[in-house]
1. Here is a list: Tyr86, Tyr157, Tyr138. Which entry is within 30 Å of Leu370 (Cβ to Cβ) and among the hydroxyl-bearing types (Ser, Thr, Tyr)?
2. Could you tell me which residue of region 113-124 is nearest to the chain's Cα centre (by Cα), considering only residues that are within 19 Å of His56 (Cα to Cα) and touching a residue at least 24 places away in the same chain (Cβ under 8 Å)?
3. Looking at this structure, is Trp2 at pLDDT below 95, under 24 Å from Gln141 (Cα atoms) and either exposed (fewer than 12 other Cβ atoms within 10 Å of the Cβ) or out of contact with any strand residue (DSSP E or B) (no Cβ under 9 Å at 6 or more places or on another chain) (or both)?
4. Among (1) open to solvent by less than 40 Å² (accessible area, probe 1.4 Å); (2) modelled with pLDDT of 95 or more, where does Gly230 come up short?
5. If the requirement is being at pLDDT 95 or above and touching a Leu at 6+ places or on another chain (Cβ under 7 Å), which of these qualifies: Ala361, Ala355?
6. Could you tell me which residue of region 80-108 is most open to solvent (accessible area, probe 1.4 Å), considering only residues that are part of a loop (DSSP other than H, G, I, E, B) and in contact with a Cys (Cβ under 8 Å, 6 or more places away or on another chain)?
7. Does Val145 meet the test of being in contact (Cβ under 8 Å) with a residue 12 or more places away in the chain, more than 30 Å from Val272 (Cα to Cα) and of a type in the set (A, V, I, L, M)?
Amino acid sequence: MWCRRLAYLLKVPYQPSGSTGHRSPWLPHDSRTVLVATARWHHTVPGSLKCAWQLHGDHLELRYADTLMRFDFVWLRDHCRSASCYNTKTNQRSLDTASVDLGIKPKAVRVDETTLFLTWPDGHVTRYGLEWLVKNSYEGQKQRVMHPRILWNAEIYRQAQVPSVDCRSFLETDEGLKEFLQNFLLYGIAFVENVTPTKEDTEILAERVSLIRETIYGRMWYFTSDFSRGDTAYTKLALDRHTDTTYFQEPCGIQVFHCLKHEGTGGRTLLVDGFYAAEQVLRQAPDQFELLSKVPLKHEYVENVGDCHNHMIGVGPVLNVYPWNNELYLIRYNNYDRAVINTVPYDVVHRWYAAHRTLTAELRRPENELWVKLKPGK
């Protein structure tokens with residue numbers, strides 16, 4: 001609908017002042033003079049198509065870098081980056097948004113090759129870089145991919161031959177850290193080799209990437225075959241595909257695993273690209289993808305062992321997408337921790353189960369399984 005509207009706008013010829021030509025099809029007859037007064041395309045350089053703008057009754061329309069953008073006047077005043085409105089040292093807004101007149105309109109508008117200038121009724125001047133506006137406009141966000149990634153199954157990942165990063169390079173050079181982060185952001189997994197097999201050295205490695213979040217288990221912890229914490233992860237049972245900390249309102253973004261000691265057999269780690277599986281659902285059954293992205297579920301962690309008494313609940317859909325461009329950014333998939341489904345009406349529950357089955361089938365396809373044997377130092 002937005003694309004058709006854009007084409008519609010661009011096809012309508014500009015009528016010069018006093019013209020008796022065709023009336024704009026989206027304005028009533030008595031609005032003809034308003035169109036002439038406010039809807040004329042102004043160019044930074046006469047004849048230039050790089051940047052042009054129109055002033056409407058309640059918004060500014062700006063065409064730049066092949067993007068047609070619309071900015072509400074209150075938005076333009078609220079996001080002013082002048083010294084009195086925005087603190088660049090703290091990166092926080094100083095302007096009281098509630099004090100901005102909801103009917104505000106700029107007194108004057110000027111655009112040069114790089115900058116938009118707005119003068120407000122009280123004389124305050126706001127300046128915006130045109131590139132900043134493209135990056136931060138709604139239209140720009142719809143076109144932008146927030147998290148570029150490579151979707152993979154086992155064969156795709158093996159053929160990519162993604163290299164591990166040496167621990168010393170990772171800790172001591174920007175190049176090593178950059179290589180690790182690129183691998184992680186593109187594939188969702190990354191490996192570091194030659195780490196000293198201690199919890200303390202693993203912690204140093206983790207802090208090279210980010211702050212370590214406090215959890216019910218602490219910041220860093222050991223887990224072995226021990227059911228004292230009342231969690232399936234502490235048993236010898238194999239775990240099916242799942243994401244962790246679904247019971248956090250904001251599940252963890254990065255998990256660090258390091259096998260410090262291994263004796264005997266077993267101990268392989270199964271990795272599956274949930275984003276790849278979700279993409280298959282989107283292609284095959286978009287209605288089910290939408291259902292999985294909109295139905296809110298509760299996940300919980302209940303612990304009553306010794307002195308530990310915890311009950312944590314996180315709420316969210318299985319697939320979390322940005323509403324402006326439908327880009328998937330988070331998956332909550334954990335059949336162990338999913339609580340009673342009491343947030344969904346009866347006529348939706350069965351369809352949700354069918355959608356969940358479709359996603360589960362994709363996650364369990366043998367060709368999607370990447371098996372990794374962790375060892376001390378990796």
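1. Working: Tyr86 fails: within 30 Å of Leu370 (Cβ to Cβ); Tyr138 fails: within 30 Å of Leu370 (Cβ to Cβ).
Matching residue, one of Tyr86, Tyr157, Tyr138: Tyr157.
2. In this case the residue turns out to be Leu116.
3. yes
4. Gly230 satisfies every listed condition except (2).
5. Ala355
6. Ser94
7. Judged against the criteria, Val145 is not a match.
Listed here are the residues, each with its yes/no results for (1) among the charged types (D, E, K, R); (2) modelled with pLDDT of 95 or more.
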position	(1), (2)
Glu279	yes, yes
Gln284	no, yes
Gln288	no, yes
Leu291	no, yes
Val305	no, no
Cys308	no, no
His311	no, no
Leu319	no, yes
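The values are calculated or read from the model by the stated rules, or taken from the named source; none is laboratory data. If you're wondering where the values come from, they're calculated on a predicted model, not measured in any experiment. As a convention, Cβ positions derive from the backbone with ideal geometry for all residues, glycine included, and neighbour counts pool all protein chains shown. Side chains included, ligands, DNA and RNA excluded: accessible areas come from the protein's heavy atoms. Shrake-Rupley method; radii C 1.70, N 1.55, O 1.52, S 1.80 Å.
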